[in-house]
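**Student:** There's a structure below that I have some questions on.
The values are calculated or read from the model by the stated rules, or taken from the named source; none is laboratory data. Not measured: the values here are computed from a predicted model. A quick note on method: Cβ atoms are made from the backbone with ideal geometry, for glycine too, and the neighbour counts reach across all protein chains shown. Ligands, DNA and RNA are stripped out before the accessible areas are found, and what is left, the full protein with its side chains, is counted by its heavy atoms. Shrake-Rupley method; radii C 1.70, N 1.55, O 1.52, S 1.80 Å.
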Amino acid sequence: AKGFDGSVALGHWIEKTDNPAATHTFALHRNGQPAMSGDSARLHWDIDRLIATVSRYYTLKIGDVLLTGSPATAFEIAAEDHLTGYLDDREVLSVRIK
């Protein structure tokens, strides 16, 4: 359901903090209404462990993106839906579905 050409929309880049213990909240709104949210503290693996594990099997290069999945919330999107993504209450993505 998620793996097709053009299926990944990436928002504004935000530099990783120097504080490895920092956590971040994220949310996605559909047509102005909350659709899903989460917190990086709830990831099964921290980012450094994820990169170390993945790099054992794949060659990672600067600019590669690792997708970690999403919170358990699932919903359908339709043509003309407007999706807005947030990281720490900062809007980082805005896309209208065609």
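**Student:** Taking the condition of being small (Gly, Ala, Ser), loosely packed, with under 10 Cβ neighbours inside 10 Å and at pLDDT below 90, how many residues in region 5-43 meet it?
**Tutor:** 3
**Student:** Further question: Run down Thr53, Thr84, Thr59 and say which single residue is open to solvent by 60 Å² or more (accessible area, probe 1.4 Å) and β-branched (Val, Ile, Thr).
**Tutor:** Thr59
**Student:** What's the number of the only condition in (1) among the β-branched types (Val, Ile, Thr); (2) assigned to a loop (DSSP other than H, G, I, E, B); (3) open to solvent by less than 70 Å² (accessible area, probe 1.4 Å); (4) modelled with pLDDT of 85 or more that Thr73 fails to meet?
**Tutor:** (4)
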